[in-house]
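Q: Mind looking over this structure? Questions follow.
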Amino acid sequence: TGGRAVNVFAKNGAGEFSAVGVDNAFWFGTDGDFNDGNHIGAFSDVGPDRQHENYTWKIDSTAEPEVQITFTHPSGLEKTISLGTNEPYLKAVYRTHGPTQWIQTGMSPGLVDLIWNAQMDRIWAADQAYMGRRNPNTGATVAYVLGQGGAAHQKEISATLMKGDEIYGTETFEFYLFAGSTPTPAAGEVAELRSLANGLVDRWGPRGETATLFPGTNRIRLVFDQRVVTAGVDPTGIGVAADSSGGGAITLSPLTTVIESGSSAILTFQLTTADAAAIDALGPSPFLTVEAKLGTDLQGVSCMARTLALTVGEATAVTVDGRLEDSEWRGPCDSSWIDPVGDSAWTSANELDAVFVRWDSNFLYLAIDGVVNGNSWILYLDTDPDGPNGQADLTAIDTWERGATFTAPGFRPDFQYGCFQHQGASDSDSFFRIDSATTTTDLSASIVSAFDSQHLWGNSGGSELAIPWEVLFGLAPGQVPPGAEIAFAVSLAWDPEPNGELGGDVIPGNAATGLPIISQSARVVIDADGDGVPDAPDVIGPQLVGATLGVVVKKLPTSLPLVVSFDEALEPTSATSLTNYTLYETGNPSQTLAVRGAQLVGDSTQVLLTVEEPTVTQTYTLSVANATDTSCSANRVALQTTQVSLPRLTTTPPGTALRSAVLRPNVPNPFNPSTRIRFALPTGGAQRVDLEIFDLRGRRVRTLARGESFPAGEHSRTWRGIDDRGRSVASGDYVVRLVADGITRTRKLSLTK
């Protein structure tokens with residue numbers, strides 16, 4: 001009980017005596033191993049108060065020169081007590097795994113003499129390296145020896161025939177409990193205790209407790225019994241082998257990064273791709289070795305060398321560890337419901353902050369962000385919102401009954417996830433399928449989950465879940481019903497059963513009624529395209545299809561229209577940023593043409609660029625980068641290029657001789673139903689001519705001549721307002737383009753009906 005030494009006795013050449021234990025002064029109705037006001041055993045863990053709770057224990061050593069026993073509390077508190085041959089003191093090493101622990105020891109040196117004389121002198125070192133009590137009649141002495149082991153003095157305690165001291169420490173610390181005969185102190189100093197105190201220094205570096213591999217995110221998480229200074233961590237101090245022998249171990253690359261900063265009892269290592277692949281090839285049950293060079297604690301003591309089984313987690317896209325990292329949950333494609341700050345009826349000590357939802361082909365991922373002290377939160381999931389399945393009244397359910405009823409439209413939960421968070425040994429989380437209004441099936445082992453009961457992550461702590469699709473829908477892995485949606489609600493709850501209720505805070509907020517009635521739910525669409533598999537987020541940037549010369553409609557000075565095509569729609573602001581486009585001579589990149597304008601056209605997959613007219617006809621290269629698509633990921637165009645031939649354009653000013661092809665005004669214009677398009681070719685022999693009609697978006701409507709040979713002189717073609725398929729075109733403006741003699745001419749046409 002309490003992992004305490006109820007009685008401690010000492011013997012040496014000066015005699016035998018009681019050091020700890022006042023059994024003749026215990027209160028009526030109590031047992032001898034129960035601490036009461038007059039009876040305080042050694043190593044009594046009084047804050048948090050665990051002095052009367054059960055500890056498990058393990059005898060580590062039974063032979064000289066040292067015997068040892070280790071006690072462990074369900075909270076994780078661990079204390080190891082050892083006794084060496086001819087050593088008049090017990091060595092105690094505490095590992096609190098973070099929190100501060102206060103410890104009392106009641107001292108009764110020479111109890112038989114105390115009954116008669118009731119004399120105990122105070123032993124107190126000015127530097128508080130040791131403190132305790134000495135019986136002046138017998139020399140019997142009991143004292144804490146703290147030295148530089150990490151513990152500190154808190155206060156004195158006293159009762160009938162007993163005096164004592166309370167000390168405290170955090171994380172990992174060591175102290176001695178001395179019990180032996182000492183001479184009268186000289187100048188307030190006890191030589192034996194001073195010698196022990198001088199030799200007691202911090203010798204306990206961080207000890208690895210657990211190691212977990214997260215293969216989906218290529219991370220290893222190491223939990224230590226005390227904080228490690230992250231700035232000095234050397235990843236090459238970690239090796240991973242196929243078995244505990246350590247043979248063929250893989251040493252982590254020095255390029256491995258540590259996620260945490262400052263100092264932390266949990267270190268998360270982001271593996272390199274090569275290390276992750278090598279560890280994966282080791283097999284299903286690898287071991288991890290920590291070397292001293294990995295790092296130090298806050299006092300500069302190196303890590304303890306240790307080998308741990310490396311637990312391999314599920315290959316999830318999120319590191320399911322109860323720490324909600326922005327990089328994992330606040331992506332542009334994640335769904336989130338952010339709750340107002342300070343809206344909890346149970347104060348900020350019990351408040352929901354947000355719920356995040358994302359998914360991949362294997363799992364639905366959910367995160368509950370918030371803080372709970374001495375209470376719980378519950379997540380309700382409806383896998384067929386607006387459908388017939390699920391229950392709207394859970395006031396008689398056999399697990400997690402919290403008086404919940406649901407009036408949110410179409411919301412009838414099919415699953416529930418509950419998380420006890422009392423900052424105690426009973427904290428746990430669990431996931432259940434709701435089979436009826438009164439029964440459930442425990443599916444906790446079918447999901448991956450973690451939560452931050454002890455608030456190790458502060459404001460970043462919460463619950464993280466990865467639920468396989470087959471658990472939710474009962475189909476094959478990776479399959480969902482076509483058009484699948486999922487609805488949810490999360491609420492705080494107070495305990496214990498059966499009287500606990502939902503209360504305090506809820507996401508999404510209630511519009512009309514108060515808890516335990518939930519009147520709103522949130523939902524996400526998992527399969528928007530209805531193909532029976534979860535929609536994958538778009539993570540690929542737009543691809544450049546090509547660029548073509550558009551229809552030229554301006555006279556000198558002329559700018560050329562360049563139509564740039566992509567394989568998906570672009571976001572307007574990024575698509576029309578001129579800095580995203582560069583046009584240069586293919587054979588001489590230093591010679592560029594100015595990009596004067598950019599306009600998103602058509603179905604937003606094309607950008608109409610207005611570019612400077614070249615001085616000679618030749619091939620140019622268009623470089624495009626940084627424009628983004630319209631998906632939630634806002635994927636960027638990677639640097640891509642395409643080539644296009646651009647002509648030098650000329651016109652014939654009035655009054656000059658015809659030296660090149662001329663496109664004359666069409667007659668009539670506007671027209672209905674037909675118009676005559678006229679052009680003239682200069683002397684010098686027959687020429688091949690292209691004569692085509694385009695709409696204002698640059699799409700070819702009608703070909704009147706393609707590569708056809710015409711002699712010099714005047715020519716014409718009639719357009720009757722039909723396209724190449726023989727269909728009548730709509731009223732509006734069109735452009736006729738003539739390509740002949742190595743130049744291009746255009747004019748605008750207007751069809752009215």
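Q: With respect to ALA437, is the statement that it is over 25 Å from ASP326 (Cβ atoms) and crowded, with 18+ Cβ neighbours inside 10 Å true?
A: Details: over 25 Å from ASP326 (Cβ atoms): yes; crowded, with 18+ Cβ neighbours inside 10 Å: no.
No, not satisfied.
Q: Follow-up question, since we're still on this one. Name the residues in segment 707-753 that are at negative phi, open to solvent by less than 50 Å² (accessible area, probe 1.4 Å) and in a loop (DSSP other than H, G, I, E, B), would you?
A: Of everything in segment 707-753, those that are at negative phi, open to solvent by less than 50 Å² (accessible area, probe 1.4 Å) and in a loop (DSSP other than H, G, I, E, B) turn out to be ALA712, ASP723, VAL729.
Q: Check segment 89-104 and report whether any residue there is touching an Asp or Glu at 6+ places or on another chain (Cβ under 8 Å), more than 30 Å from GLN421 (Cα to Cα) and either part of a strand (DSSP E or B) or open to solvent by 60 Å² or more (accessible area, probe 1.4 Å) (or both).
A: First, pick out the residues of segment 89-104 that are touching an Asp or Glu at 6+ places or on another chain (Cβ under 8 Å): 91-98, 101-104.
Subsequent filtering for residues that are more than 30 Å from GLN421 (Cα to Cα) retains 91-92.
Now narrow it down to the ones that are either part of a strand (DSSP E or B) or open to solvent by 60 Å² or more (accessible area, probe 1.4 Å) (or both): 91-92.
Yes, some residue in segment 89-104 is touching an Asp or Glu at 6+ places or on another chain (Cβ under 8 Å), more than 30 Å from GLN421 (Cα to Cα) and either part of a strand (DSSP E or B) or open to solvent by 60 Å² or more (accessible area, probe 1.4 Å) (or both).
Q: Let me ask you something else. Filter segment 706-728 down to the residues that are more than 30 Å from THR605 (Cβ to Cβ) and either touching a residue at least 60 places away in the same chain (Cβ under 8 Å) or in contact with a strand residue (DSSP E or B) (Cβ under 8 Å, 6 or more places away or on another chain) (or both) and list them by number. Talk me through it step by step, then tell me what you get.
A: From segment 706-728, those more than 30 Å from THR605 (Cβ to Cβ) are 708-718, 720; that's our starting set.
Those that are more than 30 Å from THR605 (Cβ to Cβ) and either touching a residue at least 60 places away in the same chain (Cβ under 8 Å) or in contact with a strand residue (DSSP E or B) (Cβ under 8 Å, 6 or more places away or on another chain) (or both): GLU708, SER709, PHE710, PRO711, ALA712, GLY713, GLU714, HIS715, SER716, ARG717, THR718.
Q: Those residues that are open to solvent by less than 30 Å² (accessible area, probe 1.4 Å), within 29 Å of HIS73 (Cα to Cα) and of a type in the set (A, V, I, L, M, F, W, C), I need them from segment 401-427; list them, please.
A: The one that is open to solvent by less than 30 Å² (accessible area, probe 1.4 Å), within 29 Å of HIS73 (Cα to Cα) and of a type in the set (A, V, I, L, M, F, W, C): CYS419.
Q: Consider segment 612-630. How many of its residues are in a strand (DSSP E or B), among the hydroxyl-bearing types (Ser, Thr, Tyr) and surrounded by 15 or more Cβ atoms within 10 Å (Cβ to Cβ)?
A: Summing the residues that are in a strand (DSSP E or B), among the hydroxyl-bearing types (Ser, Thr, Tyr) and surrounded by 15 or more Cβ atoms within 10 Å (Cβ to Cβ) in segment 612-630 gives 4.
Q: Right, SER336: within 30 Å of ASN635 (Cβ to Cβ), polar (S, T, N, Q) and either crowded, with 18+ Cβ neighbours inside 10 Å or under 26 Å from the mean Cα position of the chain (by Cα) (or both) or not? Steps first, please.
A: Values: within 30 Å of ASN635 (Cβ to Cβ): yes; polar (S, T, N, Q): yes; either crowded, with 18+ Cβ neighbours inside 10 Å or under 26 Å from the mean Cα position of the chain (by Cα) (or both): yes.
In short, yes.
Q: Something else: If you take the residues in segment 367-391 that are touching a Lys or Arg at 6+ places or on another chain (Cβ under 7 Å) and assigned to a strand (DSSP E or B), which one is surrounded by the fewest Cβ atoms within 10 Å (Cβ to Cβ)?
A: Let us first name the residues in segment 367-391 that are touching a Lys or Arg at 6+ places or on another chain (Cβ under 7 Å), namely 378, 382, 385, 389-391.
When the remaining residues are screened for being assigned to a strand (DSSP E or B), the result is 378, 382.
On the way: ILE378: 21, ASP382: 27.
Within segment 367-391, the match that is surrounded by the fewest Cβ atoms within 10 Å (Cβ to Cβ) is ILE378.
Q: Right, LEU609: touching a residue at least 24 places away in the same chain (Cβ under 8 Å), surrounded by 15 or more Cβ atoms within 10 Å (Cβ to Cβ), in contact with a helix residue (DSSP H, G or I) (Cβ under 9 Å, 6 or more places away or on another chain) and not aromatic (Phe, Trp, Tyr) or not?
A: Values: touching a residue at least 24 places away in the same chain (Cβ under 8 Å): yes; surrounded by 15 or more Cβ atoms within 10 Å (Cβ to Cβ): yes; in contact with a helix residue (DSSP H, G or I) (Cβ under 9 Å, 6 or more places away or on another chain): yes; not aromatic (Phe, Trp, Tyr): yes.
So LEU609 passes the test.
Q: Taking the conditions exactly as written (out of contact with any Asp or Glu (no Cβ under 7 Å at 6 or more places or on another chain), within 25 Å of TYR94 (Cα to Cα), among the β-branched types (Val, Ile, Thr) and touching a residue at least 12 places away in the same chain (Cβ under 8 Å)), does VAL240 satisfy them or not?
A: Values: out of contact with any Asp or Glu (no Cβ under 7 Å at 6 or more places or on another chain): yes; within 25 Å of TYR94 (Cα to Cα): no; among the β-branched types (Val, Ile, Thr): yes; touching a residue at least 12 places away in the same chain (Cβ under 8 Å): yes.
Considered against the rule, which asks whether it is out of contact with any Asp or Glu (no Cβ under 7 Å at 6 or more places or on another chain), within 25 Å of TYR94 (Cα to Cα), among the β-branched types (Val, Ile, Thr) and touching a residue at least 12 places away in the same chain (Cβ under 8 Å), VAL240 comes out as no.
Q: Kindly indicate whether any position in segment 690-704 is part of a strand (DSSP E or B), open to solvent by 70 Å² or more (accessible area, probe 1.4 Å) and either at pLDDT 90 or above or small (Gly, Ala, Ser) (or both).
A: To start, the set of residues in segment 690-704 that are part of a strand (DSSP E or B) comprises 690-695, 700-704.
Next cut, open to solvent by 70 Å² or more (accessible area, probe 1.4 Å) only: 700.
Applying the additional criterion that residues be either at pLDDT 90 or above or small (Gly, Ala, Ser) (or both) yields 700.
Within segment 690-704, one or more residues are part of a strand (DSSP E or B), open to solvent by 70 Å² or more (accessible area, probe 1.4 Å) and either at pLDDT 90 or above or small (Gly, Ala, Ser) (or both).
Q: Could you grab me the full set of residues in segment 111-155 that are open to solvent by less than 30 Å² (accessible area, probe 1.4 Å) and of a type in the set (Val, Ile, Thr)?
A: Hits for segment 111-155 are ILE123, THR141, VAL142, VAL145.
Q: Let me ask something additional. If a residue has to be part of a loop (DSSP other than H, G, I, E, B) and either under 13 Å from LEU222 (Cβ atoms) or without any contact (Cβ under 8 Å) to a residue 12 or more places away in the chain (or both) to count, how many in segment 301-318 make the cut? Before you say what the answer is, go through the steps one by one.
A: First pass over segment 301-318, keeping only residues part of a loop (DSSP other than H, G, I, E, B): 301, 303-305, 313-318.
Cutting the leftovers down to either under 13 Å from LEU222 (Cβ atoms) or without any contact (Cβ under 8 Å) to a residue 12 or more places away in the chain (or both) gives us 303-304.
Matching residues across segment 301-318 total 2.
The rows are residues; the columns are (1) in contact with a Gly (Cβ under 7 Å, 6 or more places away or on another chain); (2) hydrophobic (A, V, I, L, M, F, W, C).
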| position | (1), (2) |
| --- | --- |
| THR56 | no, no |
| ALA63 | no, yes |
| PHE71 | yes, yes |
| THR85 | no, no |
| LEU90 | no, yes |
| THR96 | no, no |
| TRP102 | yes, yes |
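Q: Looking only at residues in segment 234-282 that are of a type in the set (Asp, Glu) and in a loop (DSSP other than H, G, I, E, B), which one is most open to solvent (accessible area, probe 1.4 Å)?
A: Taking segment 234-282 as the starting set, the residues that turn out to be of a type in the set (Asp, Glu) are 234, 243, 260, 275, 280.
Remaining after also requiring in a loop (DSSP other than H, G, I, E, B): 234, 243, 260.
Details: ASP234: 49, ASP243: 72, GLU260: 20 Å².
If we take residues in segment 234-282 being of a type in the set (Asp, Glu) and in a loop (DSSP other than H, G, I, E, B), then ASP243 is most open to solvent (accessible area, probe 1.4 Å).
Q: Would you confirm, using the coordinates I've provided, whether ASP343 is closer than 25 Å to GLN454 by Cα, in contact with a strand residue (DSSP E or B) (Cβ under 8 Å, 6 or more places away or on another chain) and in a loop (DSSP other than H, G, I, E, B)? Spell out how you get there, then give the answer.
A: Working: closer than 25 Å to GLN454 by Cα: yes; in contact with a strand residue (DSSP E or B) (Cβ under 8 Å, 6 or more places away or on another chain): yes; in a loop (DSSP other than H, G, I, E, B): yes.
For ASP343, the condition - closer than 25 Å to GLN454 by Cα, in contact with a strand residue (DSSP E or B) (Cβ under 8 Å, 6 or more places away or on another chain) and in a loop (DSSP other than H, G, I, E, B) - is met.
Q: Quick one: which residue in PRO516, PRO468 is under 22 Å from the mean Cα position of the chain (by Cα), on the phi < 0 side of the Ramachandran plot and open to solvent by 10 Å² or more (accessible area, probe 1.4 Å)? Show your work before the answer.
A: Values: PRO516 fails: under 22 Å from the mean Cα position of the chain (by Cα).
Only one candidate passes the filter, namely PRO468.
Q: Among residues belonging to segment 183-195 that are surrounded by fewer than 22 Cβ atoms within 10 Å (Cβ to Cβ) and in contact (Cβ under 8 Å) with a residue 12 or more places away in the chain, point out the one that is nearest to the chain's Cα centre (by Cα). Before you say what the answer is, go through the steps one by one.
A: Keep residues of segment 183-195 that are surrounded by fewer than 22 Cβ atoms within 10 Å (Cβ to Cβ), which gives 183-189, 191-192, 194-195.
From what's left, in contact (Cβ under 8 Å) with a residue 12 or more places away in the chain: 183-185, 188-189, 192, 194.
Working: PRO183: 61, THR184: 62, PRO185: 59, GLY188: 57, GLU189: 55, GLU192: 54, ARG194: 50 Å.
This residue is ARG194.
Q: Looking only at residues in segment 568-606 that are assigned to a helix (DSSP H, G or I) and more than 17 Å from GLY546 (Cα to Cα), which one is most open to solvent (accessible area, probe 1.4 Å)? Step through it out loud before you land on a result.
A: Here is the first cut: in segment 568-606, the ones assigned to a helix (DSSP H, G or I) are 572-575, 578-580.
Applying the additional criterion that residues be more than 17 Å from GLY546 (Cα to Cα) yields 572-574, 578-579.
Values: PRO572: 74, THR573: 103, SER574: 18, LEU578: 69, THR579: 120 Å².
Only one residue fits best here, namely THR579.
Here's the yes/no breakdown for (1) under 30 Å from LEU456 (Cβ atoms); (2) in a loop (DSSP other than H, G, I, E, B); (3) in contact with a strand residue (DSSP E or B) (Cβ under 9 Å, 6 or more places away or on another chain); (4) of a type in the set (Lys, Arg):
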| site | (1), (2), (3), (4) |
| --- | --- |
| VAL46 | yes, no, yes, no |
| PHE71 | yes, no, yes, no |
| PRO74 | yes, yes, yes, no |
| LYS79 | yes, no, yes, yes |
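The values are calculated or read from the model by the stated rules, or taken from the named source; none is laboratory data. Note that the structure is predicted; figures quoted are calculated from it, not measured. No Cβ is skipped: glycine too gets one built from the backbone with ideal geometry, and neighbour counts run over all protein chains shown. Heads up: the accessible areas ignore ligands, DNA and RNA and are worked out on the full protein's heavy atoms, side chains in. Shrake-Rupley method; radii C 1.70, N 1.55, O 1.52, S 1.80 Å.
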